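This report refers to the structure that appears directly beneath it.
The values are calculated or read from the model by the stated rules, or taken from the named source; none is laboratory data. Just so it is clear, the model here is predicted, and its values are computed rather than measured. As a convention, Cβ positions derive from the backbone with ideal geometry for all residues, glycine included, and neighbour counts pool all protein chains shown. For accessibility, only protein heavy atoms count, side chains too; no ligands or nucleic acids. Shrake-Rupley method; radii C 1.70, N 1.55, O 1.52, S 1.80 Å.
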Amino acid sequence: MQELLYMLIGERMADGYTMYQQIYDNTAPLSALVYWLIDLIAGRSVLAYRIVALILLLVQALTFNFILNRYQVFATRTYIPALLYLVLGSITYEFGMLTPVLIGHTFVILSLPYLITVSREGIENNRLFVGGFILGLAALCYLPLGLYLVIGFFAVLLFASNTFRSILLMLCGFLFPYAMLLTFYFYTGTLDEFTEMHLFRPWQFKVAFILPPADLAKLIALPLIVLFFSVMSSLSLPQRLVFQVKFQQVMWIWLLVSLVLTITRDEISANNFILLLPAIAYFGEYLFTIAIKKWMLNLAFVLVLASTIVIRYRDLFGISQVLQLSDPQLISKGNLPDVPQNETILVLGNDTRYYLQNKPATPYLNWQLAQRDFGNLDEYEAIYNIYLNLKNEMPAYIIDEANLMEELTYKIPAIFGKYSATGKNNTYVLKQ
């Protein structure tokens, strides 16, 4: 169901509608740009979204492993971090969804070498501007990822020679893409909508679990167990090089920030925990190179791999009931009966399944954001906004799950008076 929303955003943008002004949704601008490009190339294709997501996950794993090897974070070159990243990154199909978190997390990993190499490469503090810029791009994919600036500040304290100047450079780099984007939205008259939906919306801290907490705990138990034993293994190691110690301190902050981001989002599901994969990959190297018998390490990895396969393909193996782990609220079971086909529709409610075989009309794609108008029908400004939005784009059908049509017909007869009931599922059709 989450993927469907992203597809609808890309589809409306490909039809020429402007994000935030003609599409009411809080999806960050760079993520919306990705969805728009995919729709231009492949249309509403689940396969295309999954392929792009798989490529990004692979890029993240290989890039993070390359950084660890290039800067000699460990005593020897290793590919265990990339292996763990990809194995545990396959534990649920939610990690393989093209979410804004996955897109933005790619930029977070790409910024890492620019934050940790200042002291190793002389006085090239201008690299921090590039690192801050890449973190700014991550925030433009998913705004809460801007909290990774905390890692940047900590890295500056550890690696930079001129701390104050370095912090200013990083902050300027972070704010630069936002300055460009704010200028664009200012001249296109969309600044207020952009500020409300992108800058302010993600910080409301109204935590809601998309998956039941018990199911979510079962799903991410294995990565957390691996993380726990990996961290314990790293604490028992002998003294290492100064750079390696500093890098581990950076990864401790990375782990802390990732945990905070994971558990404070307005909607918590398994895909949030993808932020923990770099920390698991880094600390996991210590677990699988610890000084014990090799067969025990091999057995431990086989168990991790087998558990990942069982959890990921539990429905295929027919053991979902045994594990008591299901996620029906995340998956659309197919087209709804007695619903229009290949029409433009407006859904007054949260159920986006009506859009599976139809195209959305009007900016009111996200029902939660639509409440600023439909939730204030006693205010003139809200009534006027609804009138203008539907006057410019009248859908062929209206699905009234919220039972608002009677009030809307009374208050805006010029628009809603043109619709008549079909007698099916609170469906109203535009009169010819």
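Annotations
- Matching residues in the range 213-251 - criterion: being at pLDDT below 90 and loosely packed, with under 13 Cβ neighbours inside 10 Å: Pro213, Ala214, Ala217, Leu235, Ser236, Pro238, Gln239, Leu241, Val242, Val245
- Any hit, the range 264-284, residues being under 21 Å from Ile67 (Cβ atoms) and part of a loop (DSSP other than H, G, I, E, B): no
- Pairs where the first residue, in the range 359-387, is without any contact (Cβ under 8 Å) to a residue 60 or more places away in the chain and the second is of a type in the set (Asp, Glu) and open to solvent by less than 50 Å² (accessible area, probe 1.4 Å), C-beta under 6 Å, 6+ apart: Ala361/Glu393; Thr362/Glu393; Ala382/Asp373; Asn385/Asp373; Ile386/Asp373
- Considering the range 24-72, and only residues there that are β-branched (Val, Ile, Thr), in contact (Cβ under 8 Å) with a residue 12 or more places away in the chain and out of contact with any Asp or Glu (no Cβ under 7 Å at 6 or more places or on another chain), the residue that is nearest to Met197 (Cα to Cα) turns out to be Thr27.
- Any strands (runs of 3 or more DSSP E) falling wholly within the range 341-428 and containing at least 1 residues that are farther than 26 Å from Met7 by Cβ and either at pLDDT below 90 or open to solvent by less than 30 Å² (accessible area, probe 1.4 Å) (or both): 419-421
- Residue match in the range 176-185 (condition: among the small types (Gly, Ala, Ser), out of contact with any strand residue (DSSP E or B) (no Cβ under 8 Å at 6 or more places or on another chain), under 30 Å from Ile23 (Cα atoms) and modelled with pLDDT of 85 or more): yes
- The residue of the range 272-320 that is surrounded by the most Cβ atoms within 10 Å (Cβ to Cβ), among those that are out of contact with any Ser or Thr (no Cβ under 9 Å at 6 or more places or on another chain) and of a type in the set (Phe, Trp, Tyr), is Phe301.
- If the condition is being over 26 Å from Leu56 (Cβ atoms) and in contact with an Asp or Glu (Cβ under 9 Å, 6 or more places away or on another chain), then the range 260-300 contributes no residue at all.
- Scanning the range 186-211 for residues that are closer than 16 Å to Ser31 by Cβ and modelled with pLDDT of 80 or more yields a total of 4.
- Hey, Val150 at pLDDT 90 or above and β-branched (Val, Ile, Thr) or not: yes
- Taking the range 13-35 as the range and being assigned to a loop (DSSP other than H, G, I, E, B) and small (Gly, Ala, Ser) as the test, the residues that pass are Gly16, Ala28.
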